[in-house]
Each structure stands twice: as C-alpha cells, then as structure tokens.
Amino acid sequence: MRHMRRGRVLAAVAAVGCGVLALRAAAVQPDVPDRSGWHWYKGNTHTHTIESDGDSTPEEVTRWYRDQGYQFLVLSDHNVLVSIDALSRTFAIPERFLLVPGEEVTDSFDAKPLHINGLNVTRLVEPRHGTSVRDTLQRNVDAIREARGVPHVNHPNFGWAITPDDLAGLERYRLLEIFNGHPFVNNLGGGGAPGLEDVWDGLLRAGRRVYGIAVDDAHYFKRPWDPKAPKPGQGWVVVRAPRLDPAALMASLEAGDFYASTGVELDDYAADATGIRVRVRVTGQTRYRLTLIDATGEVRTADGPEAHFTLTGRRGFARVRVQDSNGARAWTQPVFLDGRP
Ligand SMILES: [Zn+2]
Ligand SMILES: [Zn+2]
C-alpha cells in the first residue's frame with residue numbers, strides 16, 4: 001500500500017495542477033511559478049550499500065527502489081561517493097527512474113555522531129572536523145555547498161548528538177530529517193529531549209526556513225524479519241518538479257516543494273499564504289486526521305480524507321500533518337506568513 005505507481009502519480013499531478021491554478025487566480029502571490037505541467041516524484045535521499053556499512057550491493061539496492069516504484073534514489077554511503085555512471089546505464093529510465101549522486105558526510109565531535117548528507121555533490125566531500133558540535137556541522141555543510149551539493153542534516157537525536165540550539169545556530173541548510181527509518185535514532189525524543197517534529201517547529205517559530213524530510217537510512221535489505229534492522233521503505237519524500245533530473249529535484253527540495261511521508265500518499269496538495277488544501281489517497285478502511293500547525297502549536301484538526309485550511313489571520317508559518325489510523329504520517333511543508341521569506 002505504500003507504493004506509488006506511475007499512473008497514480010500523474011493523476012495526482014493533474015489534481016494538484018488545478019489547485020495551484022485556482023490559488024494563482026486569486027493573485028495572492030504573483031511570483032508563484034506556473035507549475036501546471038510539473039510532476040510528482042517519489043524518492044529516498046538516504047540509503048547505504050556495501051560501499052560502507054550496508055548489506056547489499058549498489059545494484060541490489062538500486063533495483064529494490066526501482067522495483068518498488070520510487071522515481072529517484074540517492075545512495076549515501078559514509079564518506080564514500082558511489083559512482084552512479086554504470087548504475088544509471090543499467091537502471092535509469094527517462095522520467096521514470098533516476099539516480100542522484102550522494103554521500104553521507106560522517107563526522108563526530110566529542111564522540112557525538114554528526115552526519116550530513118550531501119545530495120548531488122560534484123565530488124567526494126571529506127569530513128572537515130571542528131571545534132564544537134555546531135562548528136563541525138557548519139564546516140561540513142559548507143564543504144557540501146562548495147561541492148555544489150545540497151546538505152540535509154541527519155537524525156539529530158542519534159546519539160543525542162545535535163540539540164535544537166545547534167540547529168538554530170547552523171546556517172546554509174534548508175533540509176532536516178524529521179523522520180529517519182533507522183530503528184535507533186530517537187525520532188520521537190524522550191528523557192527531556194524534544195522529538196524532531198517539535199525541533200522543527202522551534203526552528204520555524206524562530207523564523208528559520210527549514211523543510212522536513214523523511215528518509216529510510218536503510219542498511220539491510222536481506223533481513224526483513226529483523227525488527228532491529230534498518231530496512232528500506234520506511235520514509236520518503238514526494239517532490240514536485242518540472243522534470244526528473246537532479247538539478248530540478250534539488251531546486252524543488254530547497255524550495256520546500258514536496259511532502260514527506262511514512263506511508264500516507266496525497267492526491268492533492270496545494271498551499272499558499274491564503275490556505276493549505278490536502279486530499280489523502282484513501283487505502284482500504286484506513287481513516288485520517290489532518291492537523292494544522294502554526295507558530296502557536298496545533299490549532300485545528302479535521303477528519304480526512306481531505307481538508308482546506310484557510311490561513312487568514314495566522315502568523316509565522318503554517319503546515320499540515322496527516323496521521324492515519326494505522327500510524328503512518330505525511331507532512332506538508334510550511335507556508336511562511338507575515339511576508340517572511
Ligand atoms: Zn547517519
Ligand atoms: Zn545513514
């Protein structure tokens with residue numbers, strides 16, 4: 001039920017295209033680009049192979065994602081940039097499946113694991129090391145930018161390594177893992193440390209323009225029976241882009257033109273400063289709760305599968321979380337209000 005087939009993707013595109021046109025007609029944001037011909041692409045930006053500590057070859061891993069209906073994949077081994085040239089010749093299909101180069105820049109400070117993915121980097125990025133957690137993170141973010149890559153900050157609560165203050169002080173990043181499928185990365189927080197969704201909202205309240213992503217961090221493809229194995233198919237993003245190429249996907253990710261999911265799929269998602277409209281693709285007897293969150297917290301809920309939240313009078317930011325009756329979730333990206341970027 002988690003797999004988005006291509007026909008459905010195109011149906012979703014048509015639905016969302018109409019929504020964007022309707023919102024655009026209201027002339028609220030004249031700078032909103034015409035996305036009516038854009039498509040939605042499902043992808044995972046964080047996965048390992050035997051090139052670092054995974055259990056499967058790059059070929060096996062790539063085949064898994066393509067066979068499961070993903071449209072793009074980033075292989076992100078620890079301090080290894082896997083060549084995708086030969087893989088792409090075997091697996092890439094125009095507009096249907098794309099490999100994007102990537103690496104998990106893997107560093108530490110004071111025994112705390114500090115990992116940042118570099119998506120679409122042009123060369124291997126060596127960890128730079130630093131004099132504090134924040135300094136180490138910043139040096140590696142900067143190194144990824146110098147390699148013309150897109151950084152995303154990984155599993156902040158893994159090893160309880162990265163605090164909200166560290167993230168608030170970090171610059172030049174837009175993407176933060178709010179869900180990582182590894183079973184031991186403490187997504188939900190605890191023992192006094194906040195969960196990652198609360199961390200995200202704190203950054204947004206402080207005026208930071210940060211988008212939340214969901215990823216697999218899959219290591220093991222051959223132990224499906226093992227509850228302690230970091231497996232594939234746990235979390236992903238669905239990105240709206242004009243075409244399936246690395247630059248277009250990166251631009252849309254850094255513009256927040258996507259949603260993150262652990263199993264909920266959307267048929268319609270349109271948002272601007274006037275409102276956010278979401279329609280969930282219903283599966284079986286599953287039911288859905290949609291929650292509007294702004295700078296003051298959770299402010300409205302609606303029974304699914306669809307809702308249109310108006311944003312008149314709200315301040316700061318607004319976003320929607322979908323929770324289904326079986327535990328899967330989806331997160332739309334924040335709309336920034338008050339004329340903020
Ligand atoms: Zn990691
Ligand atoms: Zn990883």
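The values are calculated or read from the model by the stated rules, or taken from the named source; none is laboratory data. These numbers were taken from a predicted model, which means no experiment stands behind them. Note that we place each Cβ from the backbone using ideal geometry, even for glycine, and neighbour counts take in every protein chain shown. What goes into the accessible areas is simple: the full protein's heavy atoms, side chains included, and nothing from ligands, DNA or RNA. Shrake-Rupley method; radii C 1.70, N 1.55, O 1.52, S 1.80 Å.
For a test of the definition: using alpha carbon positions, the gyration tensor, and the 1.5 limit on a/c, classify region 65-205 as rounded, prolate or oblate. Since a/c reaches 1.5 and a/b is larger than b/c, the shape of region 65-205 is classed as prolate. Dividing the alpha-carbon radius of gyration of region 199-265 by the rule-of-thumb value 2.2 N^0.38 Å gives 1.37. The listed residues PHE97, PHE158 rank as PHE158, PHE97 when sorted by accessible area, largest first, using a 1.4 Å probe. For the chain, lysine pairs separated by 8 or more sequence positions, or belonging to different chains, with Cα-Cα distances below 23 Å total 4.
Using helices alone, I'd like the mean residue ellipticity at 222 nm for the chain: each DSSP H run of four-plus residues gives -39500 (n - 2.57), total over residue count, nearest 500.
The helix-only estimate for the chain comes to -6500 deg cm²/dmol at 222 nm.
Legend: residues THR106, THR310, sorted from most to least accessible area (1.4 Å probe; ligands, DNA and RNA excluded), read THR310, THR106.
In this structure ARG174 has an accessible area near 80 Å², from a 1.4 Å probe over the protein heavy atoms. Which log10 I(q)/I(0) values, to two decimals, does the chain give at q = 0.06, 0.11, 0.12, 0.13 Å⁻¹ under the Debye formula with one point per Cα? Each listed q maps to, in turn, -0.19, -0.68, -0.82, -0.98. Surface composition of the chain: carbon plus sulfur atoms contribute 49% of the solvent-accessible area (1.4 Å probe, protein chains only, all chains present). Accessible area ranking (1.4 Å probe, heavy atoms, ligands and nucleic acids excluded), largest first, for THR57, THR122: THR122, THR57. For region 38-262, the antiparallel share of DSSP beta bridges with both residues in that region comes to about 60%.
For region 38-262, the solvent-accessible area works out to 37 Å² per residue, with a probe of 1.4 Å and every protein chain left in place.
The calculated FRET efficiency for the pair THR57 and GLU95, based on their C-beta separation and a Förster distance of 35 Å, comes to about 0.85. Of the whole protein surface, TRP38 contributes about 50 Å² of accessible area at a 1.4 Å probe radius. When the surface is traced with a 1.4 Å probe over the full set of protein chains, ILE144 keeps roughly 0 Å² accessible. Here region 252-284 is scanned for amide nitrogen atoms under 20 Å from the site 7 Å beyond the Cα of SER325 along Cα-to-Cβ, giving 262-267, 279-284.
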